[in-house]
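The values are calculated or read from the model by the stated rules, or taken from the named source; none is laboratory data. Fair warning: this is a prediction, and the values are worked out from it, not measured in the lab. Glycine gets a Cβ as well: all are built from the backbone with ideal geometry, and neighbour counts include every protein chain shown. With ligands, DNA and RNA removed, areas are computed over all heavy atoms of the protein, side chains included. Shrake-Rupley method; radii C 1.70, N 1.55, O 1.52, S 1.80 Å.
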Amino acid sequence: MKIKKGDLVQVITGKDRGKQGKVIAAYPALERVLVEGVNRIKKHTKVGQSAKGAKTGGIITQEAPVHISNVMLVVEQDGKKVPTRVGYRFDDEGNKIRIAKRTGEDI
């Protein structure tokens, strides 16, 4: 996968189109990523009590994974954050390095 945990991404399609957020988790087997503030869902959890007597559970809002094809990596160019495709190159020691296709610089 070309998107990694910690990357800044922008949603390019769907109900959250245009939103930017940091990747919280990546699921390569499912080809999905979890982005903070994107694809928020309401989840109903069983109400219980903690050891101190506080109520836990109810309706909580959390992020759900989005497909990798619906997000693009964001890099900074001249002080602006622009979405870009990701490419690869190999350095002198043979290490694989990600590069931004739009700017040509290393990520």
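Ordered by packing density, taken as the mean number of other Cβ atoms within 10 Å over each peptide's residues, highest first, how do 86-94, 99-107 rank? All intermediate terms of the calculation are to be shown ahead of the outcome.
Numbers: 86-94: 9.6, 99-107: 13.8.
Highest-to-lowest ranking by the protection proxy: 99-107, 86-94.
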Intensity falloff of region 16-59 expressed as log10 I(q)/I(0), Debye formula with alpha-carbon point scatterers, at q = 0.29 Å⁻¹:
-0.98
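Evaluate the relative contact order of the chain (contact order divided by residue number), counting alpha-carbon pairs under 8 angstrom at least 6 apart; express in whole percent. Display every interim value, and only then the final one.
Details: 203 pairs, mean separation 22.2, N = 107.
Answer for the chain is 21 percent.
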Pick out which of 39, 70, 95 has the largest mean-square fluctuation in a Gaussian network model of the chain, springs linking Cα atoms closer than 10 Å.
95
Residue-normalised accessible area of the chain, given per residue in Å² at a 1.4 Å probe:
69
With the charge dipole of the chain built from beta-carbon charges (+1 for Lys and Arg, -1 for Asp and Glu) about the Cα centre, the Cα from 97, 61, 37 projecting farthest to the positive end belongs to 61
If you average the sequence gap of Cα pairs under 8 Å that are 6 or more apart and divide by the length of region 46-107, what percent do you get for the contact order?
17
With N set to the number of residues, divide the alpha-carbon radius of gyration of the chain by 2.2 N^0.38 Å and report two decimals.
1.39
